[in-house]
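Trainee: Sharing a structure, written as structure tokens. Questions coming.
Bear in mind that the values in this text are calculations on the coordinates, not laboratory data. What you see is a predicted model; the values in this text were computed from it and never measured. Positions of Cβ are generated from backbone atoms using ideal geometry, with glycine treated the same way; all protein chains shown enter the neighbour counts.
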Amino acid sequence: MTGIAETRRAPEEYDNVPDPAQRSDISQGVCMSPANVRQVGWFVFLFIVILMLVNFVVSASSKVEVNEGAVKLFAPLPAVMEASANPVTDAKVALGRMLYYDPRLSASQQISCNTCHALDVYGAEQKPVSTGHKNQKGKRNAPTVYNAAGHFAQFWDGRAPTVEEQAKGPITNPIEMAMPSNVAALHVVKSMPEYVALFQSAFPNDKDPVTYDNIGRAIGAFERKLVTPSRWDGFLEGNQSALTDEEKAGFNTFAATGCQYCHYGTYIGGNSFQKLGVVKPWANQSDEGLYQLTKDENDKMVFKVPSLRNIEKTVPYFHDGSVATLEQAISNMALHQRGVNLTDAQVKSIVAWMDALTGPLPSSYYRKAVAAEKYGGDSAAERRLARVTGPTRSKRARQRWGVPLGSTDNESVLEDI
């Protein structure tokens, strides 16, 4: 304890310690009075508040305001793309989902709707044209089926007014699924009692529900719920923070270029025909578009304006799939349609906005069909039907439901139809 004792002061030593109030160094500011402390505290507080206000004003002034006039040309996606002529029901959707994935609607039993419009990759093929029956090549790029039911017409030349009509085309197209006739397709469907049961459930008021038109209606009903709302829809619904400043600036660049005169509305396209090469002629004119149907000179190089929804995911671009990148597609459109040479920075800006047009895929909706093909499904009828679908179908099941054995080609049993 001697160490502690040595450090203690004797009582008399305290008598020699000066009074703080009497020390000149303290009185000169080395130690502040309580009043001074409060003054400094208020000064620091006011300084911080001023800094915060300045920062708020600067940040507010830097936020991008979108072109409100241009925004009024657009609308968010609906939950379901309804059609009064074909009301969507659960029974129709279940049937349409099975038909969409079923390769038995093709002559080779190898091609389904999903072959060229795969739902897990945004409903389009990432190659210029699709490969169909016996490796034949199509002449036009396969557009996405997502959000397509809301378009004013289907196909690049608009030859089908609805997805219900469009769904019937590829089945008998000799280059695509190549069934020899509507009757041949119905023969295959009617050979399976489980399909007949599903048609009866989907169309309970029809005396003979298994018709070619009802195949189209069922597939169409399924496609009418293939919607992909994105951050763009959130912005249109009032959420200003749904888009970044960079994306808002990109939309302004898009509008300043005049792109919204063709790509407008709920689907950002898909609602009009336009000539490809309004200002500068399109280089490849081997496909003259709508003219091939109408033979009207005014329709040469006229095509349906595609939707820009999910555009980043549906490469390549245009009716012939001739452009491999979105950047080049934007540059081409600005030049050929508007006569504008965009800078790289402007193109990059527009691409930034288009990123906000990509919506998540409704996997919980379309995957039910995949599960059905693997012995899943929503009903006993679907599960039994799935047992004769795809490469895992058993010989016994195929015999029971009238599916050809041996070769997987339908042509051998369709020759006499």
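Trainee: For a bin width of 5 Å, list the pair-distance distribution of the range 83-145 built from all Cα-Cα distances, rounded to whole %.
Mentor: 4, 17, 20, 22, 20, 10, 7, 1
Trainee: If you build the Cα gyration tensor of the range 229-355 and take the root of 5 times each eigenvalue, what three semi-axes come out, in whole angstrom, biggest first? List each step's numbers first, then the result.
Mentor: On the way: eigenvalues 148, 51, 31 Å².
The answer is 27, 16, 13 Å, longest axis first.
Trainee: If you don't mind, there's one more thing I want to ask. Can you list the lysines whose alpha carbon is less than 19 Å from that of Lys248, not counting same-chain residues fewer than 8 positions off?
Mentor: The reachable lysines, counting only those whose Cα sits under 19 Å from Lys248, are Lys63, Lys72, Lys348.
Trainee: Let me ask something additional. Using +1 at the Cβ of each Lys and Arg and -1 at the Cβ of each Asp and Glu in the range 122-176, identify which of Pro174, Trp156, Tyr146 lies farthest towards the dipole's positive end.
Mentor: Pro174
Trainee: Sort Ser322, Ser349 so that the residue with the fewest other Cβ atoms within 10 Å of its own Cβ comes first and the one with the most comes last.
Mentor: Values: Ser322 16, Ser349 23.
Fewest-to-most ranking of Ser322, Ser349: Ser322, Ser349.
Trainee: What dipole magnitude, in Debye to the nearest 20, does the range 261-319 give about its Cα centre under +1 on Lys/Arg Cβ and -1 on Asp/Glu Cβ? Before the final figure, lay out each step's value.
Mentor: Numbers: 7 positive and 6 negative charges, 37 e Å.
Computed about the Cα centre, the dipole is about 180 debye.
Trainee: I want to check the label-to-label distance for Tyr291 and Phe43. Put each point 7 Å from Cα in the C-beta direction and report it in nm to one decimal.
Mentor: 8.2
Trainee: For the range 123-157 and the range 270-301, what is the separation of their C-alpha centers, rounded to whole Å?
Mentor: 18
Trainee: While we're looking at this one, here's another question. For the range 144-159, what does the Karplus curve 6.51 cos²θ - 1.76 cosθ + 1.60, with θ = phi - 60°, yield as ³J(HN,Hα) per residue in whole Hz, taken in order and with x for Gly and Pro?
Mentor: Listing the rounded values in order: 5, 8, 5, 6, 6, 5, x, 6, 6, 7, 10, 6, 5, 9, x, 6 Hz.
Trainee: If you rank Ser112, Ser181, Ser230 by fewest surrounding Cβ atoms within 10 Å, what's the result? Before the final figure, lay out the partial values.
Mentor: Numbers: Ser112 24, Ser181 13, Ser230 19.
Fewest-to-most Cβ neighbours within 10 Å comes out as Ser181, Ser230, Ser112.
Trainee: Along the range 313-324, what does the Karplus equation 6.51 cos²θ - 1.76 cosθ + 1.60 (θ = phi - 60°) give for ³J(HN,Hα), rounded to whole Hz, x for Gly and Pro?
Mentor: 9, 10, 5, x, 10, 6, 4, 9, x, 8, 10, 8
Trainee: Dipole of the range 229-355 (Lys/Arg Cβ +1, Asp/Glu Cβ -1, origin at the Cα centre): which of Thr294, Phe235, Thr314 lies farthest to the positive side?
Mentor: Value: Thr294.
Trainee: In nm, to one decimal, how far is the Val71 label point from the Gln328 one, both placed 7 Å along Cα→Cβ?
Mentor: Each label point is offset 7 Å from its Cα along the Cβ direction, giving 3.5 nm.
Trainee: OK, next. Which three extents, in whole angstrom, do the alpha-carbon atoms of the range 163-236 cover along their principal axes, largest first?
Mentor: In descending order, the Cα extents are 49, 34, 17 Å.
Trainee: Under a 5 Å amide H to amide H cut-off, with H placed in plane at 1.01 Å, what residues pair with Val302 once short-range neighbours are removed?
Mentor: Close amide H contacts, sequence-distant or interchain: Leu276, Leu290, Tyr291.
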